[in-house]
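The values are calculated or read from the model by the stated rules, or taken from the named source; none is laboratory data. Every value quoted in this text rests on a predicted model; they were computed, and no experiment measured them. Here Cβ is always computed from backbone atoms with ideal geometry, including for glycine, and neighbour counts include all displayed protein chains. For the accessible areas, the whole protein counts, side chains as well, though only heavy atoms, and no ligand, DNA or RNA atoms are used. Shrake-Rupley method; radii C 1.70, N 1.55, O 1.52, S 1.80 Å.
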Amino acid sequence: MGTINGSIKLRLAHVGKRFDAAGRAATVAVDDFTLDVAQGEFLVIVGPSGCGKTTVLNMLAGLDRPSAGSVTLDGREITRPGPARGVMFQDYALFPWQNVRGNVGFGLKHGPAGAGLASDARARRVQDCIDLVGLNGAEDKYPHQLSGGMRQRVALARLMANEPEVLLMDEPLAALDAQTRLILQDELLRIWGQDRAQSSRRTVVFITHAIDEAVFLADRVAVMTTRPGRLKALIDVPLARPRNDATRASAEFQALSQHIWSLIRDEAYRATVT
Amino acid sequence: MATGAPAARANDRIAIGVLRHLRGAAAFFVYLRTMLAFFVVWAIIAWWTSNSVLLPSPLAVFAAIGQLAADLELFFHAGISFARMVGSLMIGALLAIPLGLAMGLSRTVGEVVDPTIEVLRPISGIAWIPLALFIFGIGNALPLFIMTYAGFFPILLGTIAGVRGVDRRLIDAARTMGIPQRTIVTRVVIPAALPSLMVALRLGVAASWTAVVAAELIGAPSGLGYAVEWYRELLATPQVMAFIAMIGVLGYLCDLGVRALARLFTPWASDARSAP
Ligand SMILES: Nc1ncnc2c1ncn2[C@@H]1O[C@H](COP(=O)(O)OP(=O)(O)O)[C@@H](O)[C@H]1O
Ligand SMILES: [Mg+2]
């Protein structure tokens with residue numbers, strides 16, 4: 001089982017979530033889910049589609065309340081969304097009427113993240129985040145004029161601009177082609193600060209259904225199973241940082257991926273026949 | 001080969017451009033041919049009935065249009081009707097949009113107001129004319145009232161649908177940035193609902209313009225509807241038809257205008273359709 005280093009940032013204790021539908025049996029999306037995430041940790045949740053990953057993330061974000069158990073940030077119950085926890089949604093959720101600059105600066109302009117910042121300081125931070133994700137030159141484009149990879153970068157820049165303590169990311173790379181995906185995995189680690197000490201990194205909870213992606217990014221991988229959504233295993237990923245293409249080619253990387261695949265293989269096969 | 005691909009693509013683009021022009025020209029010829037057939041049939045029927053009060057020949061109508069345009073009477077009445085439509089639309093939008101926002105955002109407001117709306121909505125604006133005559137008499141107020149009434153419902157329903165149809169994820173995204181509720185309404189819900197609001201406005205313009213003739217026919221001393229009625233009493237059918245044609249053309253232009261406004265205010269919504 002995975003070990004935790006440093007202080008606990010997020011804690012899910014015996015969390016359950018059921019959706020009651022009128023006239024039908026309730027769906028138990030998540031059941032008895034217990035997990036601690038350390039400050040500065042990059043935690044990845046993997047699991048087949050429909051196993052409750054998004055539900056877990058929504059509860060961490062405060063968009064949804066658990067039906068059982070508790071979800072805490074720094075020991076305090078999470079009851080609603082807050083700027084300390086930034087979310088990157090599966091479908092990006094960019095504002096279509098705002099251009100890249102407007103999207104990235106939205107939280108700074110209208111939310112608490114920009115409080116106390118002069119407008120030129122705000123503009124500078126927005127530009128920094130746009131540069132960070134390599135979107136300079138596209139500042140005045142609207143989401144519908146961008147490719148999937150570029151939209152994804154806008155969503156990432158928007159997340160970073162608000163400087164949340166915790167980053168919650170729901171399959172952010174799922175819609176991309178294989179090459180773009182590898183490039184953005186590298187960039188994500190760079191932006192997260194994999195060269196820095198753990199205490200100065202942000203805490204990340206990252207969802208994916210791609211095992212190699214999970215192993216490449218994570219300090220620990222939480223493997224989930226379906227119906228009800230449960231935590232099946234917590235796997236330490238002791239691969240050295242900074243990680244790069246050499247990491248992907250290493251035997252250790254392959255072995256870890258194989259191991260995780262063996263954990264969810266049966267279920268994944270079952271999912272293809274049902 | 002490296003330069004071959006972009007060049008080929010540029011050629012394709014030119015070819016597509018030419019094709020589009022050809023298609024445009026072809027469509028125009030088809031249109032002309034249809035119109036010509038229409039006028040020929042009309043002329044034959046007119047010649048056969050040979051009753052210029054019942055059905056004047058196309059030439060007589062064209063002559064009437066020319067004469068009414070020359071002494072500006074056509075434009076005078078068109079201008080008045082148009083101004084009334086713009087005025088009533090502004091009143092209608094000013095009433096319907098805030099109410100629609102409230103009904104769309106708050107379940108309680110929606111449930112309280114909805115029964116009244118559902119009862120009033122099937123009553124055509126024209127049905128109110130006799131009552132409105134008592135209240136407003138003949139003048140500007142009556143057509144303004146009828147046209148506002150007609151335009152109000154499409155705008156209201158479109159606003160409600162727009163607000164209720166806002167992508168939940170956009171609101172969630174704003175909430176996770178810690179943005180206050182009021183700001184979410186003004187900066188997320190309203191812009192997100194704007195494309196359907198523009199569609200609603202288009203339907204409102206159509207409804208209010210359709211009501212113009214009926215409203216002015218009885219209740220106004222000027223305007224296109226009044227002119228139609230005036231020339232009808234003189235049995236001057238070519239003039240009547242000239243004004244009717246003006247109603248059609250102006251209605252079409254208004255629709256084009258609202259669509260242009262929609263493209264201007266919601267470029268993301270109109271561009272998105274042509275985007276891949
Ligand atoms: N709002 C909801 N109402 C009812 N059922 C839901 C709702 N959200 C999720 N579910 C159900 O909960 C389960 C887990 O969903 P989700 O967390 O979206 O899975 P994942 O993100 O892992 O694909 C699924 O069976 C899904 O149908
Ligand atoms: Mg999901």
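Is it the case that A:Ile207 is of a type in the set (Val, Ile, Thr), within 30 Å of A:Ala25 (Cα to Cα) and within 15 Å of ligand 1 (Cβ to nearest atom)?
yes
Can you go through B:Asp114, B:Asp172, B:Asp167 and tell me which one is surrounded by fewer than 22 Cβ atoms within 10 Å (Cβ to Cβ) and in contact with a strand residue (DSSP E or B) (Cβ under 8 Å, 6 or more places away or on another chain)?
The match here is B:Asp172.
Which residues, taken from the stretch A:50-88, are under 16 Å from A:Met160 (Cα atoms) and either polar (S, T, N, Q) or out of contact with any Leu (no Cβ under 9 Å at 6 or more places or on another chain) (or both)?
Of everything in the stretch A:50-88, just one residue is under 16 Å from A:Met160 (Cα atoms) and either polar (S, T, N, Q) or out of contact with any Leu (no Cβ under 9 Å at 6 or more places or on another chain) (or both), namely A:Pro83.
Kindly evaluate B:Phe62 against the criterion of being under 23 Å from B:Glu216 (Cβ atoms) and aromatic (Phe, Trp, Tyr).
no
Considering only residues that are of a type in the set (Val, Ile, Thr) and within 19 Å of the chain's Cα centre (by Cα), look in the stretch B:163-215 and name the one that is nearest to the other protein chains (Cβ to nearest Cβ).
B:Val199
Could you tell me whether A:Lys141 is open to solvent by 10 Å² or more (accessible area, probe 1.4 Å), facing chain B (nearest Cβ under 9 Å) and either part of a helix (DSSP H, G or I) or farther than 17 Å from B:Arg175 by Cα (or both)?
It is false that A:Lys141 is open to solvent by 10 Å² or more (accessible area, probe 1.4 Å), facing chain B (nearest Cβ under 9 Å) and either part of a helix (DSSP H, G or I) or farther than 17 Å from B:Arg175 by Cα (or both).
If only one of A:Ile183, A:Ile264, A:Ile260, A:Ile191 is surrounded by fewer than 17 Cβ atoms within 10 Å (Cβ to Cβ) and assigned to a helix (DSSP H, G or I), which one is it?
Matching residue, one of A:Ile183, A:Ile264, A:Ile260, A:Ile191: A:Ile183.
Among (1) within 14 Å of chain B (Cβ to nearest Cβ); (2) open to solvent by 60 Å² or more (accessible area, probe 1.4 Å), there is one condition A:Phe106 misses while meeting the rest; what is its number?
(2)
Tally time: how many residues in the stretch B:176-195 are touching a helix residue (DSSP H, G or I) at 6+ places or on another chain (Cβ under 7 Å) and either assigned to a helix (DSSP H, G or I) or not assigned by TED's automatic domain parsing to the domain that holds B:Leu264 (or both)?
Number satisfying all stated conditions: 11.
Quickly run through the stretch A:123-136 and pick out the residues that are at pLDDT 90 or above and surrounded by fewer than 19 Cβ atoms within 10 Å (Cβ to Cβ).
Across the stretch A:123-136, the qualifying residues are A:Ala123, A:Arg124, A:Gln127.
Identify the residue in the stretch A:28-65 that is without any contact (Cβ under 8 Å) to a residue 40 or more places away in the chain and under 21 Å from A:His209 (Cα atoms) and, among all such residues, is farthest from ligand 2 (Cβ to nearest atom).
A:Asp36
Take the stretch B:241-268 and flag every residue that is of a type in the set (D, E, K, R) and either within 14 Å of chain A (Cβ to nearest Cβ) or out of contact with any Lys or Arg (no Cβ under 9 Å at 6 or more places or on another chain) (or both).
B:Arg263
Could you check A:Ala113 against (1) under 17 Å from A:Pro164 (Cα atoms); (2) more than 14 Å from every other protein chain (Cβ to nearest Cβ) and say which number it fails?
Exception for A:Ala113: condition (2).
Among the candidates B:Ser88, B:Ser106, which residue alone is out of contact with any strand residue (DSSP E or B) (no Cβ under 6 Å at 6 or more places or on another chain), hydroxyl-bearing (Ser, Thr, Tyr) and either surrounded by 16 or more Cβ atoms within 10 Å (Cβ to Cβ) or not assigned by TED's automatic domain parsing to the domain that holds B:Ala214 (or both)?
Sole residue among the options that is out of contact with any strand residue (DSSP E or B) (no Cβ under 6 Å at 6 or more places or on another chain), hydroxyl-bearing (Ser, Thr, Tyr) and either surrounded by 16 or more Cβ atoms within 10 Å (Cβ to Cβ) or not assigned by TED's automatic domain parsing to the domain that holds B:Ala214 (or both): B:Ser88.
How do the pairs read when you match residues in the stretch A:68-90 that are more than 14 Å from chain B (Cβ to nearest Cβ) and closer than 26 Å to A:Asp20 by Cβ with residues anywhere that are assigned to a loop (DSSP other than H, G, I, E, B) and of a type outside the set (Ser, Thr, Tyr), using Cβ under 7 Å and keeping only pairs 6 or more apart or on different chains?
The qualifying pairs are A:Val71/A:Ile78; A:Thr72/A:Ile78.
May I ask you to verify whether A:Ala93 is crowded, with 19+ Cβ neighbours inside 10 Å, within 16 Å of ligand 2 (Cβ to nearest atom) and closer than 21 Å to B:Pro180 by Cα?
When the stated conditions are applied, A:Ala93 passes them.
Looking at this structure, is B:Ala132 touching a Leu at 6+ places or on another chain (Cβ under 7 Å), outside the structural domain of B:Leu203 (by TED's automatic domain parsing) and part of a helix (DSSP H, G or I)?
No, not satisfied.
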